[in-house]
Amino acid sequence: MSSSRLAGKRLILAVTGSIAAYKAVGLLRLLTQQGAEVQVVMTESSTRFVAPLTFEVLSGSPVTCDLFSSHQDMKHLSLPEQADLMLVAPCTANTLAKLALGLADNVLGTMALTLQCPMVICPAMDGEMWLHPTVQAHAKTLKDRGATIVEPEKGELASGQWGHGRLATEENILATLQGILQPRRDWRGERVLISAGPTQEPIDPVRFLSNGSSGKMGYAMAEAVAARGAEVVLVSGPTHLVCPQDVTRVAVVTADEMLQALTARFDWATTLIMAAAVGDFRAQKPYSHKMKKEQWNGDALPLERTPDILLALSAQRTHQRMIGFAAETEDLIEHGQIKLQRKQLDMLIANQVGGEHSAFGNDSNEVIVLTSNAAPYPIPRAPKRHLAETLLDCIKNLSTSSKSQHSVPSSTT
C-alpha cells in the first residue's frame, strides 16, 4: 500500500457503540501508517467496547469523548475546522439516525453540524437492521447531502447470524478515503454506460426466473469510474444496493428492458461495461395469473432464449470500447476467449460462480482479464471496490478503436 496518498491529511475518526468498535483500532493504525494525522472522537457507548486510552496511545493525541469537557478548548468546533475529512467507523443505526436528523446530543453530533469537510460513514450493525427501510432512508438522506456511505458487507455477524451488516474491510475504507482526498481524474471526459445486477423473467405474476447476482461488482465499477471523473449511467436490474454518488441509475427488470435501456444510450457512451448477469432463458408464454400447485400436471416449462445484449450492441458499435463479464463454473479462460471473439469485445473479465468463493453475492472477487492480443491476466482476490480500480486501469490501457492495440498492464496501482 502506498504511504503517500494520505500523508499530511488531518482526519477525524469517530467511533460509535458497535461491537465492531474494536476494528477501529486496526483502522487507526492503518491510517497513521499511511501518514495521516488522526484525531479520535468516541461516543459514550463506544467506550464500553474499547478504552479511550487505546486510541490515545496509537494516535498520539487525546481522545475527545464528552461534549461538555470539549467545551473547555472548543474541540467540537476546532477539530472540524481543521479536518480534511471525518470518518465515522463503525457507525451504528442509532448514530446514522442522529446524523440524518441533525441531532446534536453528543460531541459527534455537534461536530457533524459544524463540519465543512467531506464525511465518510461506515455502518455496522447486526441482524437485518441495515436493510430496514428506516435505516436505508437515513443513509439516503445523508448521501443526498454529500456524505459517502461505505456499505456494510455480508457475512457472519456478532450474533452468529449471517447477514448484511459487517463493517467494510480496511481496504475498501482506505480506497474510499484516497479517492476523496486525492482523487484520480483520468476518466474525465469519458461517458461510461454500465449494466449491473440480475434480470428477472416472469413465469407468472408472482414467480420468475433469475440468478444469484447481487450487482455489487457493477455498482463498484460505477462508483469507482464516477470518482475518477467520468459521466456514468448505471442500468441496473433488481438490487437493494444504494446508487453511487454522481451516477445516474436506470432501473430495469427483464432482459428486454435492459437491452432497450442500453441501446437507447449506446451512441452516447464512449465505454460500455456489461457487468450485469443477464438471464439466458425466459418462459415462452408467462401465465397471466398465479398458477396453483394443483393446476400443474408435471409438464416441463417451455423456455426460449433471451436476447444476447452484448452481441446486439457489438453489431451497432461505432466508437465505443466494449467490456464484458463472463460468469463461469469451469474452464474460465477457454470459455471466456470464445465469448471475447464471438462478441468482438475489447476485453472480457472472467470470474468464477458457484461454491464458497462465488463471484455472486460476495464482497470480494478474483478475475482473469482476457484481451485478443495479450496473455490472460489474473487479478488475485480483492474487495470489489478495490478490484474495480484495478480493472479501470486495465480498461484505460485499451485503444478507443474497436480492436485493442494495447496489452493489459503487467502491474497495477
Quick calc, the chain, dipole around Cα centre from Cβ unit charges on Lys, Arg (+) and Asp, Glu (-), nearest 20 debye, gives 660 debye
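Take M74, M217, M42 and order them by how many other Cβ atoms sit within 10 Å, fewest up front. Please report the intermediate quantities before stating the final value.
Values: M74 10, M217 29, M42 26.
So the ranking, lowest neighbour count to highest, is M74, M42, M217.
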Semi-axes in Å, largest first, for segment 10-181 (Cα gyration tensor, √(5λ)) are 23, 18, 16
Dimensionless Rg/Rh of the chain, both radii on Cα and Rh by Kirkwood, sits at 1.01
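Using a 10 Å cut-off on Cβ atoms, rank the peptides 6-15, 316-325 from the highest mean neighbour count down.
Working: 6-15: 21.5, 316-325: 18.9.
In decreasing order of mean packing, 6-15, 316-325 become 6-15, 316-325.
Rounded if a/c is under 1.5, else prolate if a/b is larger than b/c, else oblate: which is segment 162-209, with a ≥ b ≥ c the root eigenvalues of its Cα gyration tensor?
Oblate.
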Expressed to two decimals, segment 80-140 has a Cα Rg over Rh, using the Kirkwood radius, of 0.98
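For segment 304-346, what is Rg from Cα atoms divided by 2.2 N^0.38 Å, rounded to two decimals? List each step's numbers first, then the result.
Details: Rg = 11.3 Å, N = 43, 2.2 N^0.38 = 9.2 Å.
So segment 304-346 has a normalised radius of gyration of 1.22.
Using only DSSP helix segments of four residues or longer, with each worth -39500 (n - 2.57), what per-residue ellipticity at 222 nm results for the chain after dividing by its residue count and rounding to 500? Numbers along the way, then the final one.
On the way: 13 runs with 126 residues, N = 413.
Calculated mean residue ellipticity at 222 nm is -9000 deg cm²/dmol.
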Neighbour-count ranking for V50, V88, V278 (other C-beta within 10 angstrom, fewest to most) reads V50, V278, V88
Residues Y22, Y377 in order from fewest to most other beta-carbon atoms within 10 Å are Y22, Y377
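How high is the relative contact order of the chain, in percent, with contacts defined as C-alpha pairs under 8 Å that are six or more residues apart?
Values: 896 pairs, mean separation 43.4, N = 413.
Computed over the chain, the figure is 11 percent.
Can you say what percent of the DSSP beta bridges in the chain, counting only those with both residues inside, are antiparallel? Round to 5.
Numbers: 20 of 63 bridges.
So the antiparallel bridges amount to about 30 percent of the total.
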Among A312, L115, A382, the residue whose Cα sits farthest towards the positive end of the charge dipole of the chain, when +1 is placed on the Cβ of each Lys and Arg and -1 on the Cβ of each Asp and Glu, is A312
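Dipole size in debye (nearest 20) for segment 10-181 around its Cα centre, Lys and Arg Cβ +1, Asp and Glu Cβ -1?
Values: 11 positive and 16 negative charges, 32 e Å.
So the dipole magnitude of segment 10-181 works out to roughly 160 debye.
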Using alpha carbon centers only, segment 219-293 is separated from segment 99-125 by a whole-angstrom value of 33 Å
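Values quoted throughout were computed directly from the atomic coordinates according to the rules given, and no laboratory measurement underlies them. Predicted model only: the values in this text are computed from it and were never measured. Cβ: placed from backbone, ideal geometry, glycine included. Neighbour counts: every protein chain shown.
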